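Bear in mind that the values in this text are calculations on the coordinates, not laboratory data. Quick caveat, the model's predicted, so the values are computed rather than measured.
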Amino acid sequence: MAIRPAGSSRQDRVKTRQRGVKTGCRWSATSLTGGMTDLLFVALTVAFFGLCVGYVRACDRIVASGPEPADELDSEAGQEPAVSQR
C-alpha cells in the first residue's frame, strides 16, 4: 500500500474543487453583471481600434511629410533625372 501525503485524499480534493479557487483580487469579472462586462469589453475594443487608427494616421503624416525622391522632383519640373557619374 502506498503512503499518500496528508490532504491528498479524494474527499479533500473534492472539497477543494467545490470551494473553488480563491484569488487575491478584491473584484473579479464574475462580480460584475453580464451586461456590464460586455459593455466594458466593447468600450475597450473601440478604444483600442481608435488608438490604432490614430497611430496609422500619425505614421502616414510622418511619411508623407518627408522629402520626395529626386527622380519625382526632376520629372515634375520637366527635366531629365540627373545621372551620377562614377
³J(HN,Hα), Karplus 6.51/-1.76/1.60, whole Hz, each residue of the stretch 55-65, x for Gly, Pro:
5, 5, 5, 5, 5, 5, 5, 5, 5, 5, 8
Table column - 3J(HN,Hα) (Hz), the stretch 44-53, Karplus curve with 6.51, -1.76, 1.60, x for Gly and Pro:
5, 5, 5, 4, 4, 5, x, 5, 5, 4
